[in-house]
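These notes are about the structure you will find just below.
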Amino acid sequence: MTDGMGRTIDYIRISVTDRCNLRCRYCMPEEGVESIAHDRILRFGEILRIVSVLAGMGLKKVKITGGEPLVRRGVTDLIARIRQTPGIENITLTTNGVLLEEMYDSLADAGLDAVTVSLDTLDPARYRAITRRDEAERVIRGIRQAALKNRISLKINCVPMGDPREQGILELLQLAKSQPIHVRFIEMMPIGLGSQFPFISENELKEFLEAHLGALTPCSDVKGNGPCKYYAAEGFCGRVGFISAVTHKFCSECNRVRLTAEGFLKTCLQYDTGVELKPLLAAGCSEEELKAAIEKALRTKPSGHDFGGCARTAGAERRGMSQIGG
Ligand code: SAM
Ligand code: SF4
């Protein structure tokens, strides 16, 4: 399927819950956000119906996200069923990793192709300061186990904030030293609480890393669904990646839509554009009606974000990142 600008859309990020077992400072306030009532959350049957219609329109890749997706009961069954949907070639998950160790085998059995664990530091005190929870050891254990079992491809996502020395970025990169784990750095986006944090750009971080690790050499041997640029560092098994929506805008190659836990098909990360699918499903719409609503929303997918003028932009998103899923 193509949008109004002629971009091919073959990837969806599905948020299966807005709830989370962490409170990362750049994503959620300490008290959390008001949870969506259970009856307003999409049921698995509804998600599967949307995925099936989208797959008929050309969708190939699905990312399961949250909130924290592993806190939604039955998520592994959902993954298995999406994996079996004709047309879907790839299903991946992004998680904070707190429940990874205990759920790893069932995720692998369900046919998950890849998992990304969000981890900003290895240092337990820093981790607690960022996430307001004491789960660093559990997450790191989950990552090590996952690397040992090696049944699902594994990546780490880190959002750098301010001074990379203080955050322990070099220590975090050690995860990629002797194992094929790719560590990727996501520029902090000015969405929700993200605008209140110190920003470090891809170029600044790359310069810091090269000063310590030597030259980073561009490489193209990692398969992914999105705009990550990968580099090889001498002596490292895994790759170093950068996802830099702010300083290296990639909207012209955007291949995605998002589905919130309430069933809003969101056509741009920054803007509140899209279509509410839950009421249509609840009213018993036909496949054709669902398809027509999706096509109409795609025609008005914005050309790109305007993070520079985020707070002032008309129609800017009011949901926080935990309600969108990244
Ligand atoms: N709970 C899961 C996790 O942490 O991976 C999935 C949802 S979380 C919202 C998805 C990703 O968004 C995480 O990697 C998180 O670090 C990232 N994220 C949250 N707020 C962000 C922001 N303002 N800018 C950039 N990335 C952000
Ligand atoms: Fe939860 Fe993920 Fe947001 Fe952290 S980044 S609060 S783990 S949803």
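Here is how the numbers come out for the structure above:
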| read-out | value |
| --- | --- |
| Qualifying positions in segment 36-62 - surrounded by fewer than 15 Cβ atoms within 10 Å (Cβ to Cβ) and either within 16 Å of ligand 1 (Cβ to nearest atom) or part of a loop (DSSP other than H, G, I, E, B) (or both) | ALA37, ARG43, GLY58 |
| Hey, ILE91 within 16 Å of ligand 2 (Cβ to nearest atom), under 22 Å from LEU277 (Cβ atoms), at pLDDT 95 or above and in a strand (DSSP E or B) or not | no |
| Filter result for PRO190 (open to solvent by less than 50 Å² (accessible area, probe 1.4 Å), over 30 Å from LEU78 (Cβ atoms) and not β-branched (Val, Ile, Thr)) | yes |
| Residue within segment 78-88 that is in contact (Cβ under 8 Å) with a residue 40 or more places away in the chain and either within 13 Å of ligand 2 (Cβ to nearest atom) or under 26 Å from ARG23 (Cβ atoms) (or both) present | yes |
| Selection within segment 222-231 - outside any loop (DSSP other than H, G, I, E, B) and either within 16 Å of ligand 1 (Cβ to nearest atom) or open to solvent by 60 Å² or more (accessible area, probe 1.4 Å) (or both) | LYS229 |
| Filter result (of a type in the set (A, V, I, L, M, F, W, C) and within 16 Å of ligand 1 (Cβ to nearest atom)) within segment 1-35 | ILE12, ILE14, VAL16, CYS20, LEU22, CYS24, CYS27, MET28, VAL33 |
| Which numbered condition ILE9 misses (of (1) surrounded by 20 or more Cβ atoms within 10 Å (Cβ to Cβ); (2) within 16 Å of ligand 2 (Cβ to nearest atom)) | (2) |
| Matching residues, segment 148-163, being surrounded by fewer than 21 Cβ atoms within 10 Å (Cβ to Cβ) and aliphatic (A, V, I, L, M) | LEU148, ILE152, MET161 |
| Residue list for segment 87-138, restricted to those being of a type in the set (Asp, Glu) and either touching a strand residue (DSSP E or B) at 6+ places or on another chain (Cβ under 9 Å) or buried (at least 22 other Cβ atoms within 10 Å of the Cβ) (or both) | GLU89, ASP113, ASP120 |
| Single residue of GLU234, GLU171, GLU166, GLU253 found to be among the acidic types (Asp, Glu), open to solvent by 40 Å² or more (accessible area, probe 1.4 Å) and either free of Cβ contacts under 8 Å to residues at least 24 places away in the same chain or on the phi > 0 side of the Ramachandran plot (or both) | GLU234 |
| Close pairs from segment 270-295: first of a type in the set (Val, Ile, Thr), partner loosely packed, with under 14 Cβ neighbours inside 10 Å and at pLDDT 95 or above, Cβ under 9 Å, at least 6 apart | VAL275/LYS296 |
| Which listed residue, of PHE199, PHE208, is farther than 30 Å from VAL33 by Cβ and away from ligand 2 (no atom under 16 Å from the Cβ) | PHE208 |
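Quick grid of which residues meet (1) more than 22 Å from the chain's Cα centre (by Cα); (2) open to solvent by less than 30 Å² (accessible area, probe 1.4 Å):
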{"residue": "GLU262", "(1), (2)": "no, no"}
{"residue": "GLN270", "(1), (2)": "no, yes"}
{"residue": "GLU276", "(1), (2)": "no, no"}
{"residue": "THR300", "(1), (2)": "yes, no"}
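The values are calculated or read from the model by the stated rules, or taken from the named source; none is laboratory data. Not measured: the values here are computed from a predicted model. We place every Cβ from the backbone using ideal geometry, glycine too, and count neighbours over all the protein chains shown. These accessible areas exclude ligands, DNA and RNA; they are computed on the full protein's heavy atoms, side chains included. Shrake-Rupley method; radii C 1.70, N 1.55, O 1.52, S 1.80 Å.
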